[in-house]
Amino acid sequence: MKGIRRQSHFGALLLAVVVLATGCADNQSEPTAEIPADSSSISTRTEEPSPEPADSLDPLFGFDLDDTIGSTSEQRRLALRLRNDGEEDALVFADGGSGEVLIDSVPAGTWTRVDVLTRASRIVLRSATLTGRNLRRIEIDTDLDMLREVIIQAEPDAP
């Protein structure tokens, strides 16, 4: 007899849990309270930012500067044969208007070929010894597309 009472208590308890869990005890469901949204976590965005592609060639990319000004001139390749017939090794510098740069060194009695990329219409070549003594200064137009031979040792003194 005790086993039947325990089963009936267990069955009634199980039925009560199921009824309460489904909300059907008296066929009325409790009204759910609406919780207002927290306005501090709501953000309105009127326009999605467009992702800009990374430009690895532009060192100022991402600094919100004005659009870059397009260059009207195109790059030219200037082929030079630097000839040193002198008795001293020489350094050769080139300047296309934005500052002088070392382009090569030429040992005494030899020559070397150098290709210079520039946007300038004229470059200035300057040769100097390793000790800093100037040998020669030459201006070259970049209009012609041909190999140019440039003698870089000092000009002989005129008698």
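Worth a mention:
- Packing order of peptides 142-151, 109-118, 88-97, highest average first: 88-97, 109-118, 142-151 (average count of other Cβ atoms within 10 Å over each peptide's residues).
- Segment Glu74-Arg113, extension gain: residue separation times 0.36 nm, minus the distance between their alpha carbons: 11.8 nm
Every number here is computed from the coordinates shown, using simple stated rules; none is lab data. Owing to the predicted nature of the structure, the values given are computational and were not obtained by experimental measurement. Note that each Cβ is placed from the backbone with ideal geometry, even for glycine, and that neighbours are counted across all protein chains shown.
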